[in-house]
Amino acid sequence: MRISRAISVASVSAFALGLSGCSGGDAAPAAAPTRASSPLAAHAAWSRSADSGATAAVYFSLVNRSTVADTLTGARSELAEETTLHVSMEHGGTMHMAAVASLPVPAKDSVAFQPLGAHVMLRGLRRPLVDGDTVALTLTFASGRSIPVRSGVRLP
Ligand SMILES: [Cu+2]
């Protein structure tokens, strides 16, 4: 019983990785039925418009519907040279950002990624982000799960 559960989780995450690697390949709807069963989801994702080569933050509400806690361990996007998890903090009256290796996602709870708080940092944008655009990224978790995020771009 334990073994078959582990195998099914591994095959789901392999499927998600395969999909992100070949997005835009054909015209079939991109919605994957396996994702509906994921207890993790990022809602209302957004970013500010930014110039090519610049830095942009992605904000969202990360929801964990599971009764088991998980840990966000990474983010990746083909749109940027480097994609990292960041937190903002005040120090000596000014705001600073720092990269973090992971962020806990409690069971049956949500974590707000928002300005002056946690965010996904895109550094070295490979193209400009314009109003109405979409930023695609993937969040990866300690459980082995990964979820796609489509972030809307709005003017600053
Ligand atoms: Cu940042």
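Backbone amide hydrogens, once placed in the peptide plane, bring Asp70 within less than 5 Å of Val105, Ala107, excluding anything fewer than 5 places away on its chain.
Summarised in one figure, the compactness ratio Rg/Rh of region 51-97, Cα atoms and Kirkwood Rh, is 1.05. If you take the Cα centroid of region 111-156 and the Cα centroid of region 73-96, the two points sit 11 Å apart. Here each label is just a point 7 Å from Cα along the line to Cβ, and for Gln114 and Arg127 those points are 3.1 nm apart. In vacuum, with every alpha carbon of region 72-156 counted as one equal point scatterer, what does the Debye formula give for log10 I(q)/I(0) at q = 0.18, 0.20, 0.23, 0.26 Å⁻¹? Two decimals, please. For region 72-156, the Cα-only Debye profile gives -0.88, -1.06, -1.29, -1.43.
Each reported figure results from applying straightforward, stated rules to the coordinates on display, with no laboratory input. The model shown is predicted, which means the values in this text are computed figures rather than measured ones. Quick reminder, even Gly has a Cβ in these numbers, built from the backbone with ideal geometry, and neighbours come from all protein chains shown.
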